[in-house]
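Data block below; observations after.
The values are calculated or read from the model by the stated rules, or taken from the named source; none is laboratory data. The model shown is predicted, which means the values in this text are computed figures rather than measured ones. All Cβ positions, even for glycine, are placed from backbone atoms using ideal geometry, and neighbour counts span all protein chains on display.
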Amino acid sequence: MSITTPLTQLLGIKHPVLLAPMDVVAGSRLVTAVSRAGGFGILGGGYGEREWLERETAKLASMSAPFGIGFITWSLAKRPELLDIALAAKPSAIMLSFGDPAPLASKIKSAGARLICQVQDEAMARQALDADADVLIAQGTEAGGHGASRTTVDLVPAIVDLAAGHVPVVAAGGIADGRGLAAMMMLGASGVLLGTRFYASQEADGAEEAKRRICAATSGSTVRGIIFDLSRNNVWPAPFTGRCLVNDHARRWIGREIELMQNVAAVAAEYVAAKAAGNFDVAAVIAGEAVGLIHDIQPAAEIVERIATEAEQLLEGKRSSVVGAFPSPLVGEGGAQRQMRGSIRGE
Ligand SMILES: Cc1cc2nc3c(=O)[nH]c(=O)nc-3n(C[C@H](O)[C@H](O)[C@H](O)COP(=O)(O)O)c2cc1C
(Lines give C-alpha, C1' and ligand atoms only; values in the text may rest on other atoms or scores of the structure.)
Protein backbone atom coordinates (compact mmCIF):
# COMPACT_ATOMS: atom_id res chain seq x y z
CA MET A 1 0.00 0.00 0.00
CA SER A 2 1.11 3.56 -0.54
CA ILE A 3 -0.32 7.07 -0.45
CA THR A 4 -1.19 8.36 -3.91
CA THR A 5 -1.40 12.13 -4.37
CA PRO A 6 -1.21 14.53 -7.32
CA LEU A 7 2.50 14.88 -6.45
CA THR A 8 3.27 11.15 -6.60
CA GLN A 9 1.42 10.95 -9.92
CA LEU A 10 3.21 13.97 -11.37
CA LEU A 11 6.69 12.80 -10.38
CA GLY A 12 6.03 9.09 -10.88
CA ILE A 13 7.06 8.16 -7.33
CA LYS A 14 5.66 5.68 -4.80
CA HIS A 15 5.79 7.79 -1.62
CA PRO A 16 5.07 11.56 -1.26
CA VAL A 17 8.42 12.10 0.50
CA LEU A 18 11.03 14.41 -1.04
CA LEU A 19 14.66 14.82 -0.02
CA ALA A 20 15.58 18.51 0.30
CA PRO A 21 18.50 19.61 -1.90
CA MET A 22 20.82 20.24 1.03
CA ASP A 23 24.01 21.94 -0.10
CA VAL A 24 26.87 19.39 0.11
CA VAL A 25 24.86 17.08 2.46
CA ALA A 26 22.48 15.72 -0.22
CA GLY A 27 24.99 14.09 -2.56
CA SER A 28 24.36 11.33 -5.10
CA ARG A 29 24.51 8.57 -2.48
CA LEU A 30 21.64 10.03 -0.48
CA VAL A 31 19.65 10.94 -3.60
CA THR A 32 20.01 7.37 -4.87
CA ALA A 33 18.93 5.88 -1.53
CA VAL A 34 15.81 8.08 -1.29
CA SER A 35 14.76 7.65 -4.92
CA ARG A 36 15.31 3.88 -4.90
CA ALA A 37 13.14 3.65 -1.76
CA GLY A 38 10.25 5.24 -3.68
CA GLY A 39 10.73 8.85 -2.51
CA PHE A 40 12.17 11.65 -4.64
CA GLY A 41 15.82 12.48 -4.07
CA ILE A 42 16.95 15.99 -4.97
CA LEU A 43 20.68 16.60 -5.34
CA GLY A 44 21.97 19.58 -3.34
CA GLY A 45 23.43 21.80 -6.05
CA GLY A 46 23.53 24.61 -3.47
CA TYR A 47 25.65 27.56 -4.51
CA GLY A 48 26.98 25.56 -7.43
CA GLU A 49 30.44 24.05 -7.45
CA ARG A 50 31.13 22.90 -10.98
CA GLU A 51 33.42 19.94 -10.19
CA TRP A 52 31.15 18.61 -7.44
CA LEU A 53 28.10 18.90 -9.68
CA GLU A 54 29.79 17.09 -12.58
CA ARG A 55 31.01 14.30 -10.31
CA GLU A 56 27.71 13.80 -8.48
CA THR A 57 25.48 14.00 -11.56
CA ALA A 58 27.71 11.43 -13.30
CA LYS A 59 26.99 9.02 -10.45
CA LEU A 60 23.25 9.46 -10.99
CA ALA A 61 23.42 8.76 -14.71
CA SER A 62 22.72 5.02 -14.40
CA MET A 63 19.82 5.35 -11.93
CA SER A 64 16.40 4.53 -13.38
CA ALA A 65 14.38 5.96 -10.45
CA PRO A 66 13.31 9.61 -10.88
CA PHE A 67 15.39 12.29 -9.16
CA GLY A 68 15.83 16.06 -9.13
CA ILE A 69 18.59 18.63 -8.75
CA GLY A 70 18.20 21.75 -6.61
CA PHE A 71 19.86 25.17 -6.72
CA ILE A 72 19.88 28.42 -4.80
CA THR A 73 18.26 30.65 -7.43
CA TRP A 74 20.11 33.92 -6.78
CA SER A 75 23.42 32.07 -6.81
CA LEU A 76 22.63 30.07 -9.96
CA ALA A 77 21.68 33.32 -11.72
CA LYS A 78 25.36 34.33 -11.40
CA ARG A 79 26.54 31.03 -12.95
CA PRO A 80 23.76 29.90 -15.32
CA GLU A 81 26.10 27.46 -17.11
CA LEU A 82 25.67 25.12 -14.12
CA LEU A 83 22.08 24.59 -15.17
CA ASP A 84 23.31 23.04 -18.44
CA ILE A 85 25.40 20.53 -16.47
CA ALA A 86 22.36 19.69 -14.33
CA LEU A 87 19.99 19.32 -17.28
CA ALA A 88 22.48 17.10 -19.11
CA ALA A 89 21.99 14.57 -16.29
CA LYS A 90 18.31 14.27 -17.34
CA PRO A 91 16.69 14.94 -13.94
CA SER A 92 12.90 14.68 -13.74
CA ALA A 93 12.87 18.07 -12.04
CA ILE A 94 14.95 21.10 -11.18
CA MET A 95 14.18 22.71 -7.83
CA LEU A 96 14.82 26.43 -7.39
CA SER A 97 14.74 28.21 -4.03
CA PHE A 98 15.36 31.79 -2.94
CA GLY A 99 14.88 34.18 -5.83
CA ASP A 100 12.84 34.80 -8.97
CA PRO A 101 12.72 31.57 -11.01
CA ALA A 102 11.45 33.31 -14.19
CA PRO A 103 14.81 33.86 -15.96
CA LEU A 104 15.68 30.14 -15.62
CA ALA A 105 12.23 28.60 -16.06
CA SER A 106 11.96 28.32 -19.83
CA LYS A 107 15.32 26.53 -20.18
CA ILE A 108 14.27 24.00 -17.53
CA LYS A 109 10.86 23.35 -19.01
CA SER A 110 12.04 23.15 -22.60
CA ALA A 111 14.57 20.51 -21.52
CA GLY A 112 11.61 18.40 -20.39
CA ALA A 113 12.23 18.77 -16.64
CA ARG A 114 9.56 19.78 -14.14
CA LEU A 115 10.10 23.04 -12.27
CA ILE A 116 9.78 22.81 -8.47
CA CYS A 117 9.88 26.14 -6.62
CA GLN A 118 10.35 26.54 -2.87
CA VAL A 119 8.48 29.60 -1.55
CA GLN A 120 8.16 31.34 1.79
CA ASP A 121 5.08 33.55 1.25
CA GLU A 122 2.18 34.21 -1.12
CA ALA A 123 4.03 36.77 -3.26
CA MET A 124 6.80 34.27 -3.97
CA ALA A 125 4.19 31.59 -4.73
CA ARG A 126 2.53 33.88 -7.28
CA GLN A 127 5.93 34.63 -8.83
CA ALA A 128 6.59 30.88 -9.13
CA LEU A 129 3.18 30.20 -10.68
CA ASP A 130 3.79 33.03 -13.16
CA ALA A 131 7.06 31.27 -14.08
CA ASP A 132 5.01 28.11 -14.81
CA ALA A 133 6.17 26.09 -11.80
CA ASP A 134 4.86 22.50 -11.70
CA VAL A 135 5.14 22.08 -7.91
CA LEU A 136 5.31 24.59 -5.05
CA ILE A 137 7.12 23.81 -1.81
CA ALA A 138 5.74 25.88 1.07
CA GLN A 139 8.66 26.24 3.47
CA GLY A 140 7.98 27.31 7.04
CA THR A 141 10.40 29.01 9.38
CA GLU A 142 11.03 25.77 11.32
CA ALA A 143 13.13 24.56 8.37
CA GLY A 144 16.83 23.95 8.66
CA GLY A 145 18.99 26.24 6.55
CA HIS A 146 17.77 29.36 4.81
CA GLY A 147 14.18 30.46 4.96
CA ALA A 148 11.95 33.22 6.23
CA SER A 149 9.53 33.89 9.07
CA ARG A 150 6.12 32.26 8.41
CA THR A 151 5.33 29.02 10.24
CA THR A 152 4.69 25.79 8.33
CA VAL A 153 1.21 25.33 9.81
CA ASP A 154 0.21 28.84 8.69
CA LEU A 155 1.94 28.88 5.32
CA VAL A 156 0.96 25.47 3.93
CA PRO A 157 -2.84 25.98 3.84
CA ALA A 158 -2.36 29.53 2.55
CA ILE A 159 -0.26 28.29 -0.38
CA VAL A 160 -2.58 25.28 -0.91
CA ASP A 161 -5.51 27.69 -1.33
CA LEU A 162 -3.53 29.95 -3.63
CA ALA A 163 -2.34 27.07 -5.84
CA ALA A 164 -5.64 25.19 -5.84
CA GLY A 165 -6.49 23.91 -9.29
CA HIS A 166 -3.04 24.75 -10.56
CA VAL A 167 -0.22 22.70 -9.00
CA PRO A 168 0.40 20.37 -6.04
CA VAL A 169 1.87 21.88 -2.89
CA VAL A 170 4.53 20.20 -0.74
CA ALA A 171 5.10 21.13 2.91
CA ALA A 172 8.59 21.74 4.31
CA GLY A 173 9.93 22.79 7.68
CA GLY A 174 9.93 20.86 10.93
CA ILE A 175 8.66 17.54 9.52
CA ALA A 176 10.47 14.34 10.51
CA ASP A 177 7.94 11.54 10.88
CA GLY A 178 4.67 10.10 9.61
CA ARG A 179 2.67 12.36 11.91
CA GLY A 180 4.11 15.34 10.05
CA LEU A 181 3.22 13.89 6.65
CA ALA A 182 -0.32 13.01 7.79
CA ALA A 183 -0.81 16.45 9.36
CA MET A 184 0.43 18.26 6.26
CA MET A 185 -1.89 16.18 4.08
CA MET A 186 -4.78 17.26 6.30
CA LEU A 187 -3.69 20.84 5.57
CA GLY A 188 -3.97 20.10 1.86
CA ALA A 189 -0.35 19.30 1.02
CA SER A 190 0.41 16.60 -1.54
CA GLY A 191 3.62 15.56 0.15
CA VAL A 192 6.53 16.66 2.31
CA LEU A 193 10.13 17.77 1.72
CA LEU A 194 12.57 16.84 4.47
CA GLY A 195 16.06 18.16 5.09
CA THR A 196 17.10 17.78 8.72
CA ARG A 197 15.68 14.23 9.08
CA PHE A 198 17.72 13.06 6.06
CA TYR A 199 20.84 14.86 7.31
CA ALA A 200 20.82 12.30 10.15
CA SER A 201 20.85 9.40 7.70
CA GLN A 202 23.63 6.97 6.93
CA GLU A 203 23.97 8.10 3.32
CA ALA A 204 24.14 11.88 3.99
CA ASP A 205 27.49 13.46 3.16
CA GLY A 206 27.65 15.49 6.41
CA ALA A 207 30.26 15.00 9.13
CA GLU A 208 29.48 12.23 11.63
CA GLU A 209 29.84 14.72 14.49
CA ALA A 210 27.22 16.99 12.88
CA LYS A 211 24.82 14.03 12.60
CA ARG A 212 25.53 13.08 16.22
CA ARG A 213 24.72 16.63 17.36
CA ILE A 214 21.43 16.59 15.44
CA CYS A 215 20.42 13.36 17.21
CA ALA A 216 21.42 14.75 20.61
CA ALA A 217 19.66 18.11 20.15
CA THR A 218 16.28 18.78 21.71
CA SER A 219 13.42 20.97 20.48
CA GLY A 220 14.21 24.65 20.83
CA SER A 221 17.96 24.19 20.39
CA THR A 222 18.12 25.81 16.95
CA VAL A 223 18.17 29.49 16.07
CA ARG A 224 17.33 31.44 12.91
CA GLY A 225 19.53 34.44 12.16
CA ILE A 226 22.45 35.83 10.19
CA ILE A 227 25.37 34.92 12.43
CA PHE A 228 26.66 31.94 10.50
CA ASP A 229 26.27 33.75 7.17
CA LEU A 230 28.17 36.78 8.50
CA SER A 231 30.84 34.50 9.96
CA ARG A 232 31.47 32.79 6.64
CA ASN A 233 31.28 36.02 4.66
CA ASN A 234 28.23 34.84 2.77
CA VAL A 235 25.63 37.58 2.90
CA TRP A 236 22.13 36.59 1.75
CA PRO A 237 19.44 38.87 0.31
CA ALA A 238 16.46 39.76 2.54
CA PRO A 239 14.17 38.26 3.74
CA PHE A 240 16.28 35.11 4.06
CA THR A 241 18.03 34.08 7.25
CA GLY A 242 19.55 30.73 8.23
CA ARG A 243 18.58 28.20 10.92
CA CYS A 244 21.24 26.09 12.64
CA LEU A 245 21.93 24.42 15.98
CA VAL A 246 22.76 26.82 18.79
CA ASN A 247 26.46 26.37 19.60
CA ASP A 248 29.14 28.36 21.48
CA HIS A 249 29.71 30.64 18.48
CA ALA A 250 25.99 31.45 18.13
CA ARG A 251 25.69 32.10 21.89
CA ARG A 252 28.68 34.44 21.72
CA TRP A 253 27.32 36.59 18.88
CA ILE A 254 23.51 36.52 19.13
CA GLY A 255 22.43 40.13 19.65
CA ARG A 256 25.94 41.42 18.77
CA GLU A 257 25.66 41.15 14.97
CA ILE A 258 26.93 44.71 14.35
CA GLU A 259 30.03 44.05 16.45
CA LEU A 260 30.53 40.83 14.49
CA MET A 261 30.40 42.81 11.23
CA GLN A 262 32.98 45.24 12.60
CA ASN A 263 35.30 42.30 13.36
CA VAL A 264 34.34 40.16 10.40
CA ALA A 265 37.88 39.45 9.14
CA ALA A 266 39.00 37.90 12.42
CA VAL A 267 35.70 36.07 12.97
CA ALA A 268 35.71 34.70 9.41
CA ALA A 269 39.27 33.40 9.83
CA GLU A 270 38.30 31.68 13.07
CA TYR A 271 35.19 30.25 11.40
CA VAL A 272 37.06 28.88 8.37
CA ALA A 273 39.63 27.21 10.64
CA ALA A 274 36.90 25.68 12.81
CA LYS A 275 35.07 24.34 9.78
CA ALA A 276 38.25 22.75 8.42
CA ALA A 277 38.93 21.17 11.82
CA GLY A 278 35.35 19.90 12.22
CA ASN A 279 34.91 22.04 15.33
CA PHE A 280 31.14 22.40 15.60
CA ASP A 281 31.36 24.52 18.72
CA VAL A 282 32.17 27.29 16.22
CA ALA A 283 31.15 26.00 12.78
CA ALA A 284 27.39 25.74 12.32
CA VAL A 285 25.44 22.50 12.05
CA ILE A 286 22.69 23.60 9.71
CA ALA A 287 19.49 22.02 10.99
CA GLY A 288 15.87 22.83 11.77
CA GLU A 289 13.41 22.47 14.60
CA ALA A 290 12.74 18.86 13.62
CA VAL A 291 15.88 17.93 15.58
CA GLY A 292 13.65 17.32 18.59
CA LEU A 293 12.06 14.40 16.71
CA ILE A 294 15.32 12.84 15.53
CA HIS A 295 17.20 10.45 17.80
CA ASP A 296 19.13 8.12 15.53
CA ILE A 297 21.07 7.97 12.28
CA GLN A 298 19.01 5.69 10.05
CA PRO A 299 19.35 4.34 6.51
CA ALA A 300 17.50 6.79 4.23
CA ALA A 301 15.30 4.03 2.81
CA GLU A 302 14.06 3.21 6.31
CA ILE A 303 13.20 6.88 6.89
CA VAL A 304 11.15 6.99 3.68
CA GLU A 305 9.36 3.71 4.39
CA ARG A 306 8.64 4.50 8.02
CA ILE A 307 7.24 7.97 7.30
CA ALA A 308 5.01 6.66 4.51
CA THR A 309 3.74 3.71 6.57
CA GLU A 310 3.10 5.78 9.71
CA ALA A 311 1.22 8.44 7.74
CA GLU A 312 -0.86 5.88 5.95
CA GLN A 313 -1.86 4.17 9.20
CA LEU A 314 -2.65 7.51 10.84
CA LEU A 315 -4.80 8.64 7.94
CA GLU A 316 -6.67 5.33 8.02
CA GLY A 317 -7.21 5.61 11.78
CA LYS A 318 -5.14 2.49 12.45
CA ARG A 319 -2.53 4.20 14.57
CA SER A 320 -2.23 6.69 17.41
CA SER A 321 -0.21 9.89 17.06
CA VAL A 322 1.35 9.33 20.48
CA VAL A 323 4.84 7.85 20.22
CA GLY A 324 4.98 4.37 21.74
CA ALA A 325 1.20 4.02 21.84
CA PHE A 326 0.78 1.66 18.90
CA PRO A 327 -1.76 0.31 18.48
CA SER A 328 -3.87 2.97 20.14
CA PRO A 329 -6.50 1.72 22.61
CA LEU A 330 -8.92 3.97 20.74
CA VAL A 331 -8.00 2.57 17.37
CA GLY A 332 -10.03 -0.16 15.68
CA GLU A 333 -13.78 -0.28 15.41
CA GLY A 334 -13.98 3.42 14.56
CA GLY A 335 -11.45 4.36 17.24
CA ALA A 336 -9.87 7.23 15.30
CA GLN A 337 -13.29 8.76 14.75
CA ARG A 338 -14.11 8.31 18.46
CA GLN A 339 -10.84 10.01 19.33
CA MET A 340 -11.66 12.92 17.02
CA ARG A 341 -15.26 13.25 18.24
CA GLY A 342 -13.98 13.17 21.81
CA SER A 343 -11.68 16.10 21.28
CA ILE A 344 -14.37 18.08 19.48
CA ARG A 345 -16.83 17.52 22.32
CA GLY A 346 -14.17 18.16 24.93
CA GLU A 347 -14.67 14.71 26.43
C1 LIG B 1 21.86 21.17 6.00
C2 LIG B 1 20.84 21.86 5.17
C3 LIG B 1 21.23 22.46 3.97
C4 LIG B 1 20.27 23.05 3.15
N5 LIG B 1 20.67 23.56 1.95
C6 LIG B 1 19.73 23.98 1.07
C7 LIG B 1 20.11 24.37 -0.26
O8 LIG B 1 21.28 24.34 -0.63
N9 LIG B 1 19.14 24.74 -1.10
C10 LIG B 1 17.82 24.76 -0.73
O11 LIG B 1 16.96 25.06 -1.54
N12 LIG B 1 17.44 24.46 0.53
C13 LIG B 1 18.36 24.05 1.42
N14 LIG B 1 17.97 23.69 2.69
C15 LIG B 1 16.55 23.87 3.10
C16 LIG B 1 15.69 22.74 2.56
O17 LIG B 1 15.42 22.94 1.20
C18 LIG B 1 14.35 22.56 3.27
O19 LIG B 1 13.53 23.68 3.12
C20 LIG B 1 14.45 22.26 4.76
O21 LIG B 1 15.46 21.36 5.04
C22 LIG B 1 13.11 21.71 5.26
O23 LIG B 1 13.04 21.76 6.65
P24 LIG B 1 13.59 20.61 7.64
O25 LIG B 1 15.07 20.82 7.66
O26 LIG B 1 12.93 20.91 8.91
O27 LIG B 1 13.21 19.29 7.06
C28 LIG B 1 18.91 23.11 3.55
C29 LIG B 1 18.54 22.53 4.76
C30 LIG B 1 19.47 21.90 5.57
C31 LIG B 1 19.02 21.26 6.85
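Considering only region 248-260, I want to know if a residue exists there that is over 23 Å from T152 (Cα atoms), within 16 Å of the ligand (Cβ to nearest atom) and crowded, with 18+ Cβ neighbours inside 10 Å.
yes
I'd like to check something: does region 140-158 contain any residue that is under 20 Å from T309 (Cβ atoms), touching a helix residue (DSSP H, G or I) at 6+ places or on another chain (Cβ under 7 Å) and surrounded by 24 or more Cβ atoms within 10 Å (Cβ to Cβ)?
No, because not a single residue in region 140-158 is under 20 Å from T309 (Cβ atoms), touching a helix residue (DSSP H, G or I) at 6+ places or on another chain (Cβ under 7 Å) and surrounded by 24 or more Cβ atoms within 10 Å (Cβ to Cβ).
Taking the conditions exactly as written (closer than 25 Å to A290 by Cα, without any contact (Cβ under 8 Å) to a residue 40 or more places away in the chain and basic (K, R)), does R252 satisfy them or not?
Yes; evaluated as a whole, the condition is true for this residue.
Considering only residues that are among the aliphatic types (A, V, I, L, M) and buried (at least 21 other Cβ atoms within 10 Å of the Cβ), look in region 211-229 and name the one that is nearest to the ligand (Cβ to nearest atom).
I214
Name the residues in region 104-120 that are in contact with a helix residue (DSSP H, G or I) (Cβ under 9 Å, 6 or more places away or on another chain) and surrounded by fewer than 18 Cβ atoms within 10 Å (Cβ to Cβ), would you?
K107, A111, G112
Every residue in region 273-320 that is assigned to a helix (DSSP H, G or I), touching a strand residue (DSSP E or B) at 6+ places or on another chain (Cβ under 8 Å) and within 14 Å of the ligand (Cβ to nearest atom), please.
E289, A290, V291, A300, I303, V304, I307
Return only the number of the condition from (1) within 13 Å of the ligand (Cβ to nearest atom); (2) in contact (Cβ under 8 Å) with a residue 60 or more places away in the chain that P16 does not satisfy.
Result: P16 passes all but (1).
In region 192-210, which residue that is of a type in the set (S, T, Y) and closer than 16 Å to N247 by Cβ is nearest to the ligand (Cβ to nearest atom)?
Filtering region 192-210 for residues that are of a type in the set (S, T, Y) and closer than 16 Å to N247 by Cβ, the one nearest to the ligand (Cβ to nearest atom) comes out as T196.
Right, L129: within 23 Å of T5 (Cα to Cα), in contact with a His (Cβ under 8 Å, 6 or more places away or on another chain) and hydrophobic (A, V, I, L, M, F, W, C) or not?
So L129 fits the description; yes.
All but one of (1) surrounded by fewer than 24 Cβ atoms within 10 Å (Cβ to Cβ); (2) outside any helix (DSSP H, G or I); (3) of a type outside the set (S, T, N, Q) hold for R29, so report the exception by its number.
(2)
If Q9 meets every condition in (1) surrounded by fewer than 24 Cβ atoms within 10 Å (Cβ to Cβ); (2) part of a loop (DSSP other than H, G, I, E, B); (3) more than 15 Å from the ligand (Cβ to nearest atom) apart from one, which number is that one?
(2)
Which of (1) buried (at least 21 other Cβ atoms within 10 Å of the Cβ); (2) among the aliphatic types (A, V, I, L, M); (3) closer than 17 Å to G46 by Cα is the odd one out, the single condition A125 does not satisfy?
A125 satisfies every listed condition except (3).
Going by what's in this entry, would E302 be described as modelled with pLDDT of 95 or more, crowded, with 17+ Cβ neighbours inside 10 Å and under 29 Å from the mean Cα position of the chain (by Cα)?
Judged against the criteria, E302 is not a match.
Identify all residues within region 219-247 that are of a type in the set (V, I, T) and either at pLDDT below 95 or in a helix (DSSP H, G or I) (or both); write none if there are none.
Residues satisfying the conditions are I227, V235.
Need pairs with beta-carbon distance below 6 Å; first residue more than 21 Å from L18 (Cα to Cα) and within region 91-114, second more than 16 Å from the ligand (Cβ to nearest atom) and outside any loop (DSSP other than H, G, I, E, B); sequence gap 6+ or separate chains.
A111/L87
Tell me which residues, restricted to region 179-189, are more than 10 Å from the ligand (Cβ to nearest atom) and either farther than 16 Å from A125 by Cα or buried (at least 24 other Cβ atoms within 10 Å of the Cβ) (or both).
R179, L181, A182, A183, M184, M185, M186, L187, A189
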